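Let me begin by presenting the structure, written as structure tokens, before commenting on it.
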Amino acid sequence: MKWTGLLAVVLAVVGSIGAPLRAAGESDAQIMITMRIFQLKADAVAEDGRARVPLLEDLPLVGAPEGDAVRVAVAGKEVDRFAQREAKHCISAPRIFTRSGQSGSIQIGREIACESMQPTAEPGVFRLVRGEPKFEGMRFDVLAEAGSDGSVEIRKLSMKFDQMVGREKVEGTELEVGAPIMKSRESTHALGLRAGQRALLSTPALDGSGETLLVVLEAAVVENPGVKAVPYTKDGGGR
């Protein structure tokens, strides 16, 4: 299953984003978190079922032991060349602006409708009734602090992925309208990034397709961002 149709972005940031920057490390230093999320096709699959990503094979893991569902590595700007080459597989590119020591959140995804078959007053006649929709997508919660040398300490990065892997069958119809069958994965990480470094977080897709979701995360202390975070939609380059 593809992560298609992830068009809705809900942004919740604590603190304003336009005040001048004071000394790094102070409470009103502003931090910009940039993420690029790739869905990498399983052209080659490693022994653990993940898509083989040459970029990750030569990087030591940090913050997650071998075998964990989410693996974390840190690299430099060579990641940008990879990102340009794999741009067609980028499914979202959100940004979070927040103040040092304050948290920010972003949610990317869509609602999936479901319907059930219910009897009517007429014998043998049923009708489809819309049920409570399910959310498919991703949520990121970030708490970061600015360092005195332009570095950023990400004290807490929580990630949650929800993916539909099928639908329950609705008796009496072959339509794909039953309640979505969802799988979820949650993880929390902490790491430090120096200027020019990027964190890479990889996790296999939840539907068993062998594909890998790769999050490339950058963090920078900024002065007057002057740019609002906007939805990454199909018209804006998303899939």
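Some notes on this structure:
- Whichever residue in the range 114-142 is aliphatic (A, V, I, L, M) and surrounded by 13 or more Cβ atoms within 10 Å (Cβ to Cβ) and, among such residues, is nearest to residue 214 (Cα to Cα): 138
- Within this structure, residue 107 fails the test of being over 18 Å from the mean Cα position of the chain (by Cα) and either aromatic (Phe, Trp, Tyr) or at pLDDT 55 or above (or both).
- When the range 174-188 is filtered for residues that are open to solvent by 20 Å² or more (accessible area, probe 1.4 Å) and over 14 Å from the mean Cα position of the chain (by Cα), the ones remaining, listed by number, are 174, 175, 176, 177, 179, 181, 182, 183.
- Taking every residue in the range 149-165 that is within 30 Å of residue 114 (Cβ to Cβ) and pairing it with any residue that is of a type outside the set (Asp, Glu) and outside any strand (DSSP E or B), at least 6 positions away or on another chain, the pairs with Cβ-Cβ distances below 6 Å are 163/206.
- Residue within the range 157-169 that is under 26 Å from residue 200 (Cβ atoms), exposed (fewer than 13 other Cβ atoms within 10 Å of the Cβ), out of contact with any Pro (no Cβ under 9 Å at 6 or more places or on another chain) and of a type in the set (Ser, Thr, Tyr) present: no
The values are calculated or read from the model by the stated rules, or taken from the named source; none is laboratory data. Not measured: the values here are computed from a predicted model. Because the Cβ atoms are built from the backbone with ideal geometry, glycine has one as well, and the counts that use them run over all protein chains shown. Protein only, heavy atoms only, side chains kept; ligands, DNA and RNA dropped before computing areas. Shrake-Rupley method; radii C 1.70, N 1.55, O 1.52, S 1.80 Å.
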